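I have placed the structure first, in the form of structure tokens, so that the comments after it can refer back to it.
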Amino acid sequence: ASASEEKDLVIIGGGVAGYVAAIKAGQEGLKVACIEKRGALGGTCLNVGCIPSKSLLNNSHLYHQILHDTKNRGIEVGDVKLNLQAMMKAKDTSVTGLTKGIEFLFKKNGVEYIKGTGSFVNEHEIKVALNDGGETSVTGKNILIATGSEATPFPGLEIDEKRVITSTGALSLEKVPEKMIVIGGGIIGLEMGSVWSRLGAKVTVVEFLDQIGGPGMDTEISKSIQKLLKKQGMEFKLGTKVVSGDASGDNVKLEVDSAKGGKAETLDADVVLVAIGRRPYTKGLGLENAGLEVDERGRVVIDSEYRTKASHIRCIGDVTFGPMLAHKAEEEAVAAVEYIKKGYGHVNYGVIPSVMYTHPEVAWVGQSEQDLKKANIPYKVGSFPFSANSRAKTNLDTDGMVKMLADPETDRLLGCHIVGPNAGEMIAEATLALEYGASTEDIARTCHAHPTLAEAFKEAAMATYSKAIHY
Ligand code: FAD
Ligand code: NAI
């Protein structure tokens, strides 16, 4: 296929939303092109998000564990040294392997990959400024906008990705900072804060709200993980907002104030991580040339079938509504292509899991206690601590619990919130249960292998509809 012929589908953006849609469209027999400007496929997630952060989280955890948690396991180690360059190289190897893998999948599924920056000429034509120079244009019967998001900047603090950094800078610092301040105690702040704290930085998290974890985390679980992260050495200033910053001196200085007004203070650090959320990215896309709109938060406006005002132009992923998560983007990609090809598709927005990859991990799906209270929905609670789980005990990794929320009459699961080892894997079971409308009794009567961490999940269900055996 050549760029000049009309495609069934032209996708702008080769992140998780765009590349998954491209592969799915290829599988469905559509003639498809995907335009990506980064020079690599996979978007934020694979290049500067999910994947590199998990590499650093995994390896920094291992380092921290070797330093602090071996003696009681009967392992004596000698001199332990951090080789940050090699840790970064391991991260880069994972990233490159995965992004190249997508290029392979593009070839396998007949997707044309156009390396350049796309912008609307009109409702059907996209002009592409090619990365290698020159320009081309491509027209599509259908067009999919999947241009993702970028870090929200903090007014008055210029990002240089060395001293004032976003998550992107935090994934490739050349040395461990002595002092790091994280503005925003959401998922990025806590994951990247954990990495650098484990590697030796003194990390202070400044969070506007009275709880960490960002929107959606159950308050009880948030308190529990905050205690555990504090034990690991991270400091928290909650209910505190950063008013202004100054990076002109040797250290970066931040003026902070109590969120309710009052107690002002100056903090300083050699590195400041700005992690106050992400915003949709539509720069240079020429949306106006296709008559398209964004809302007050910059999100491309769509209907429930991902259609913009122009019904052949759809939009998915971080650049539009909903949680900014890779697996949400992926679900939407498949559904959007199904709408195009078959006329129907489906994503259940009530059942999208969230995972924070700290140690222990935090994971949840469905409604939190505060959600249910706010909506006046009656519920009952059951929980089970990992300290009573045999596998967690043998692994000497017993912090945390599984908490379930269920309908008091029918026992139907309404939400599950886990802080604990492997919470991110275990939440898949809760997600499946919620999707299928399982009751806590259904879960409790399902045989779980012994000894596994997942038994804590089963026992939390037992505790919700009846009583746990081991607690
Ligand atoms: P993106 O991944 O941002 O992709 C959009 C792509 O479009 C980009 O590659 C961009 O270059 C390209 N593009 C933009 N404009 C144009 C144009 N005009 N022409 C051509 N190309 C263009 N989510 C999780 O679910 N789990 C995690 O563990 C997780 N960890 C994260 C860690 C970090 C540090 C960050 C920052 C994010 C993390 N996320 C995680 C969120 C996840 O990365 C996003 O939800 C996901 O990448 C969204 O996919 P997307 O395709 O919508 O957008
Ligand atoms: P976030 O929305 O999770 O958290 C931002 C936090 O910053 C909020 O708690 C907010 O109250 C606080 N804040 C805002 N302004 C502030 C100020 N002036 N002073 C102090 N605190 C302030 O956003 P974050 O962490 O930047 O992540 C962006 C997105 O990336 C999230 O939506 C998340 O879905 C996604 N992501 C997902 C990951 C995962 O799934 N494991 C990992 C990393 C990112």
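The values are calculated or read from the model by the stated rules, or taken from the named source; none is laboratory data. Just so it is clear, the structure is predicted and the values come from calculations on it, not from any experiment. Note that each Cβ is placed from the backbone with ideal geometry, even for glycine, and that neighbours are counted across all protein chains shown. Note: areas computed on protein heavy atoms with side chains; ligands, DNA, RNA excluded. Shrake-Rupley method; radii C 1.70, N 1.55, O 1.52, S 1.80 Å.
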State whether one or more residues within the stretch 184-201 are under 22 Å from residue 325 (Cβ atoms) and in a strand (DSSP E or B).
-> no
All but one of (1) within 16 Å of ligand 1 (Cβ to nearest atom); (2) open to solvent by less than 40 Å² (accessible area, probe 1.4 Å); (3) out of contact with any Gly (no Cβ under 7 Å at 6 or more places or on another chain) hold for residue 32; which doesn't?
-> (3)
If you check every pair at least six apart or on different chains, which have Cβ atoms under 6 Å apart with a residue in the stretch 244-270 that is touching a residue at least 24 places away in the same chain (Cβ under 8 Å) first and a residue that is among the polar types (S, T, N, Q) and away from ligand 2 (no atom under 14 Å from the Cβ) second?
-> 268/251; 270/251
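Please determine whether any residue of the stretch 348-363 is within 25 Å of residue 465 (Cα to Cα) and hydroxyl-bearing (Ser, Thr, Tyr).
Checked the stretch 348-363: at least one residue is within 25 Å of residue 465 (Cα to Cα) and hydroxyl-bearing (Ser, Thr, Tyr).
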Within the stretch 116-156, strands (runs of 3 or more DSSP E) holding 2 or more residues that are more than 16 Å from ligand 2 (Cβ to nearest atom) and on the phi < 0 side of the Ramachandran plot = 125-130, 135-145
If we scan the stretch 165-176, do we find a residue that is open to solvent by less than 40 Å² (accessible area, probe 1.4 Å), at pLDDT below 95 and not in a strand (DSSP E or B)?
-> no
Cβ pairs under 9 Å, 6+ apart or interchain, first in the stretch 286-304 and open to solvent by 30 Å² or more (accessible area, probe 1.4 Å), second at pLDDT below 95 and hydroxyl-bearing (Ser, Thr, Tyr), ordered by first then second residue, are none
May I ask you to list pairs of residues, at least six apart or on different chains, whose Cβ atoms are under 9 Å apart, with the first in the stretch 66-81 being farther than 20 Å from residue 232 by Cβ and the second being open to solvent by 100 Å² or more (accessible area, probe 1.4 Å) and not in a loop (DSSP other than H, G, I, E, B)?
-> none
Every listed condition ((1) more than 18 Å from residue 357 (Cβ to Cβ); (2) within 16 Å of ligand 2 (Cβ to nearest atom); (3) open to solvent by 40 Å² or more (accessible area, probe 1.4 Å)) holds for residue 51 save (1)
List the pairs whose first member sits in the stretch 202-229 and is away from ligand 1 (no atom under 16 Å from the Cβ) and open to solvent by 30 Å² or more (accessible area, probe 1.4 Å), whose second member is small (Gly, Ala, Ser) and outside any loop (DSSP other than H, G, I, E, B), and whose Cβ atoms are under 8 Å apart, counting only residues at least 6 apart or on separate chains?
-> 211/222
Which of the residues belonging to the stretch 325-348 are aliphatic (A, V, I, L, M) and either part of a loop (DSSP other than H, G, I, E, B) or more than 12 Å from ligand 1 (Cβ to nearest atom) (or both)?
-> 325, 334, 335, 337, 340, 347
So how many residues does the stretch 426-447 have that are β-branched (Val, Ile, Thr), surrounded by fewer than 22 Cβ atoms within 10 Å (Cβ to Cβ) and in contact (Cβ under 8 Å) with a residue 24 or more places away in the chain?
-> 1
Please tell me if residue 29 is assigned to a loop (DSSP other than H, G, I, E, B) and either more than 16 Å from ligand 2 (Cβ to nearest atom) or touching a residue at least 40 places away in the same chain (Cβ under 8 Å) (or both).
-> yes
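Just to check your reading of the model, which residue among 340, 352 is open to solvent by 20 Å² or more (accessible area, probe 1.4 Å) and touching a Lys or Arg at 6+ places or on another chain (Cβ under 7 Å)?
352
Here are 100, 127, 162, 141: which of them is open to solvent by 30 Å² or more (accessible area, probe 1.4 Å), basic (Lys, Arg) and either closer than 18 Å to residue 16 by Cβ or under 18 Å from the mean Cα position of the chain (by Cα) (or both)?
From the options 100, 127, 162, 141, the qualifying one is 100.
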On the given criteria, is residue 322 assigned to a loop (DSSP other than H, G, I, E, B) and within 16 Å of ligand 1 (Cβ to nearest atom)?
-> yes
Does any residue of the stretch 248-257 turn out to be surrounded by fewer than 17 Cβ atoms within 10 Å (Cβ to Cβ), of a type in the set (A, V, I, L, M), within 16 Å of ligand 2 (Cβ to nearest atom) and more than 30 Å from residue 351 (Cβ to Cβ)?
-> no
Say we look at the stretch 1-26 and pick out the residues that are part of a helix (DSSP H, G or I) and not β-branched (Val, Ile, Thr); which of these is surrounded by the most Cβ atoms within 10 Å (Cβ to Cβ)?
-> 22
Counting only residues in the stretch 188-201 that are more than 12 Å from ligand 1 (Cβ to nearest atom) and not small (Gly, Ala, Ser), the one nearest to the chain's Cα centre (by Cα) is identified as 196
Answer yes if at least one residue in the stretch 178-191 is aliphatic (A, V, I, L, M), more than 19 Å from residue 26 (Cβ to Cβ) and open to solvent by 50 Å² or more (accessible area, probe 1.4 Å), and no otherwise.
-> yes
Please enumerate the residues belonging to the stretch 167-187 that are near ligand 1 (Cβ under 8 Å from one of its atoms) and either out of contact with any Leu (no Cβ under 8 Å at 6 or more places or on another chain) or not aliphatic (A, V, I, L, M) (or both).
-> 167, 168, 187
Residue 190 versus (1) within 15 Å of ligand 2 (Cβ to nearest atom); (2) over 16 Å from residue 167 (Cα atoms); (3) not hydroxyl-bearing (Ser, Thr, Tyr): which is the lone unmet condition?
-> (2)
